[in-house]
1. I need the full set of residues from the stretch 228-237 which are surrounded by fewer than 22 Cβ atoms within 10 Å (Cβ to Cβ) and under 18 Å from the mean Cα position of the chain (by Cα), in order please.
2. Has the stretch 18-38 got any residue that is in contact with a Cys (Cβ under 6 Å, 6 or more places away or on another chain), in contact (Cβ under 8 Å) with a residue 24 or more places away in the chain, buried (at least 17 other Cβ atoms within 10 Å of the Cβ) and over 16 Å from residue 105 (Cβ atoms)?
3. Count, please, the residues in the stretch 224-260 that happen to be free of Cβ contacts under 8 Å to residues at least 12 places away in the same chain and charged (D, E, K, R).
4. From 277, 248, 233, grab the single residue that is out of contact with any Lys or Arg (no Cβ under 8 Å at 6 or more places or on another chain) and not in a helix (DSSP H, G or I).
5. Going by the structure shown, is residue 286 farther than 19 Å from residue 204 by Cβ and either free of Cβ contacts under 8 Å to residues at least 60 places away in the same chain or touching a Leu at 6+ places or on another chain (Cβ under 8 Å) (or both)?
6. When you scan the stretch 197-219, do you find a residue that is assigned to a loop (DSSP other than H, G, I, E, B), of a type in the set (Val, Ile, Thr) and more than 22 Å from residue 260 (Cα to Cα), even just one?
7. Any idea which of 288, 221 is surrounded by 19 or more Cβ atoms within 10 Å (Cβ to Cβ) and closer than 30 Å to residue 314 by Cα?
8. Looking at the stretch 168-182, is at least one residue buried (at least 23 other Cβ atoms within 10 Å of the Cβ), touching a residue at least 60 places away in the same chain (Cβ under 8 Å) and of a type outside the set (D, E, K, R)?
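The values are calculated or read from the model by the stated rules, or taken from the named source; none is laboratory data. Treat the numbers as computed from the prediction; the structure is a model and nothing was measured. In this analysis, Cβ positions are derived from the backbone assuming ideal geometry, glycine residues included, and neighbour counts consider all displayed protein chains.
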Amino acid sequence: MRADVMTEINRDPAPVLAPEAILAVIPALNEERHIETCIRSLMVGDARLREVPLVVADGGSTDHTVAIVESLKAEFPNLQVIRNPKRLQAAAMNLAVSMTAKSGTRYLVRCDAHSIYPEGFILSVAEALRQTGAASVVIPMDAVGDTCFERANAWTVDTPLGSGGSVHRGGKTSGFVDHGHHAGFNIDLYRQIGGYDETFSHNEDAEYDARLAQAGGKIFLDADIRIRYIPRGSVGRLAKQYFNYGKGRARNVRKHGQALKVRQAVPVFALLASTVGVAAAPFFWPALLLPVGYLAVLATASVGIAIWKRSPCGLLAGLISGTMHMSWATGFLKEVLFGRKP
């Protein structure tokens, strides 16, 4: 079905999906801590899952990621490893499609090595694509963590203070949306619009969704298919992640003329207001109310989440939120001011 003629959900019964109609891909780079758990979660359930091609596109891991995947092949013969010399997730997905998709492949399922998947995830995503006629299916992410920092990160990112209330962060309602966490694609439409833009190291999903919308494609959020996601476990890794997210968003703004949503503009305003407040304070001390007010919000969030979760780990919420906000805004502004023009 062409993207520009899709109008409504059509949940009619149909023959059981054939495994060969599906291609599942896991982009990976130095994921030795998570890759086996991810793969095993994807293989739980329906026997057909062990017949679906499952490709790990490795971007040159220097840890034991590839060795772990190779060791699992005896148990899961549908596993395959391909080398992704460009390293990026966008390139991994495009390469997997060009190298491993067959003539009968209809659905492409994207899996994240940092995630733990519900039983039958791959088949559920493919079935959602078939039933809805959507060009893309996106899903909610429920963050979880093992360490104190990861738990606090998980509690924070799913709140408006962390993600700003984006629908794929803990969303509960299914329906058509403009963006979300990528889970599955109609592979013909994926090819039709050129797959992911490999010049995007981050926010390649939002860039893809922008082009899909321009082509008339529909994106369906299936709130019944949920994944558990393990967030970054340190300030440094979190700062790098959100700095790159901010740069990616700025590139999307430049490429597609997209306006920032309120939840995306708030971190930029917080950074600029706090910077102006500190700079102006020697000449006009009330200007300090700007950064102090922001810090007070973060401190209140820390106490509130610690009480809500009944854990002292919640006291890290302010540090985590501030890291997300300031890193995202810095990356965004750096790209806006100094990024390469198309």
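1. Residues satisfying the conditions are 228, 229, 232, 233, 237.
2. So far as the stretch 18-38 goes, yes, one or more of its residues are in contact with a Cys (Cβ under 6 Å, 6 or more places away or on another chain), in contact (Cβ under 8 Å) with a residue 24 or more places away in the chain, buried (at least 17 other Cβ atoms within 10 Å of the Cβ) and over 16 Å from residue 105 (Cβ atoms).
3. Residues of the stretch 224-260 that are free of Cβ contacts under 8 Å to residues at least 12 places away in the same chain, as a first pass: 236-237, 257, 259-260.
Imposing the further condition that a residue be charged (D, E, K, R) reduces the set to 237.
Residues meeting the conditions: 1.
4. Details: 277 fails: not in a helix (DSSP H, G or I); 248 fails: not in a helix (DSSP H, G or I).
One residue alone meets the criteria, 233.
5. Numbers: farther than 19 Å from residue 204 by Cβ: yes; either free of Cβ contacts under 8 Å to residues at least 60 places away in the same chain or touching a Leu at 6+ places or on another chain (Cβ under 8 Å) (or both): yes.
Spelling it out, residue 286 is indeed farther than 19 Å from residue 204 by Cβ and either free of Cβ contacts under 8 Å to residues at least 60 places away in the same chain or touching a Leu at 6+ places or on another chain (Cβ under 8 Å) (or both).
6. No: the stretch 197-219 contains no residue that is assigned to a loop (DSSP other than H, G, I, E, B), of a type in the set (Val, Ile, Thr) and more than 22 Å from residue 260 (Cα to Cα).
7. Only one candidate qualifies: 221.
8. Yes: the stretch 168-182 contains one or more residues that are buried (at least 23 other Cβ atoms within 10 Å of the Cβ), touching a residue at least 60 places away in the same chain (Cβ under 8 Å) and of a type outside the set (D, E, K, R).
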